[in-house]
Ligand code: PXL
């Protein structure tokens, strides 16, 4: 069985980051190790939250793993608790990767044109350094715009393809852009597989409600699929289908369950992939 490491926060309530990544990646039959970057009472889209920074735990954990020769077949990073953690994560990538370990970086920091609460304006340029370590990144449009330092606005399909390829050139990695839509009834992802120099799209019906945490569901399902051996195009399709099912099963509770999606009801889809 493959063993991977995911590095992101624990939001105790909120259905995001580790509390979704751990069950989703496990559903693929992959051993999932974690490093929590911070512990929050709930994610930062709530009006108030606690934040316990775990930055200085990272090198201590790394040291113990080195002593015990613990290594991983893949890495997936999400919400990072401090700029210093980026340096520590780079070190963990280098000290604990098995040969051919895949690295997926979700530059989780922004949505709807704005950085999440608590991130300073210089955070995107630091996140770009972590993206440089990745084989593939999975930004939403806001994150792509911050990484490229271009305005957040509506872009045409042709313009988006130019931006995604530019991003890929800068970081020398593939790019899966989430939340892509050219038609009000559809929502999906654009995948630029750098190794094949190929762009592909996958769309599902757009559920006309916004929920938090869907990017984390997508990234977890995408990563699990890649570790299982699917190519990036197919992995993005699986992640779109999974995220759509999770959103659709939460649609009726949009008012009370705005903070996350019922991904649990979609897990059996991941266990029965062809
Ligand atoms: O789902 C992204 C995410 C992850 N972790 C924390 C967040 C958010 C989005 O707001 O606040 C702590």
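What the table shows:
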{"item": "Filter result (more than 15 Å from residue 202 (Cβ to Cβ), touching a helix residue (DSSP H, G or I) at 6+ places or on another chain (Cβ under 9 Å) and surrounded by 15 or more Cβ atoms within 10 Å (Cβ to Cβ)) within region 138-165", "result": "139, 140, 141, 143, 144, 145, 146, 147, 148, 152, 155, 163"}
{"item": "Filter result (within 13 Å of the ligand (Cβ to nearest atom), more than 18 Å from the chain's Cα centre (by Cα) and not in a strand (DSSP E or B)) within region 1-56", "result": "46, 47, 48, 49, 50, 54"}
{"item": "Residue count, region 105-137 (criterion: part of a loop (DSSP other than H, G, I, E, B), more than 16 Å from the ligand (Cβ to nearest atom) and surrounded by 12 or more Cβ atoms within 10 Å (Cβ to Cβ))", "result": "4"}
{"item": "Leading residue by the ranking (farthest from residue 140 (Cα to Cα)) among those in region 210-231 that are within 16 Å of the ligand (Cβ to nearest atom), touching a helix residue (DSSP H, G or I) at 6+ places or on another chain (Cβ under 9 Å) and part of a loop (DSSP other than H, G, I, E, B)", "result": "211"}
{"item": "Filter pass, residue 274 being more than 24 Å from residue 33 (Cα to Cα) and modelled with pLDDT of 95 or more", "result": "no"}
{"item": "Test: residue in region 48-56 that is buried (at least 17 other Cβ atoms within 10 Å of the Cβ), in contact (Cβ under 8 Å) with a residue 60 or more places away in the chain and in contact with a helix residue (DSSP H, G or I) (Cβ under 9 Å, 6 or more places away or on another chain)", "result": "no"}
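The values are calculated or read from the model by the stated rules, or taken from the named source; none is laboratory data. These numbers were taken from a predicted model, which means no experiment stands behind them. So basically every Cβ, Gly included, is an ideal-geometry build from the backbone, and we count neighbours across all protein chains shown.
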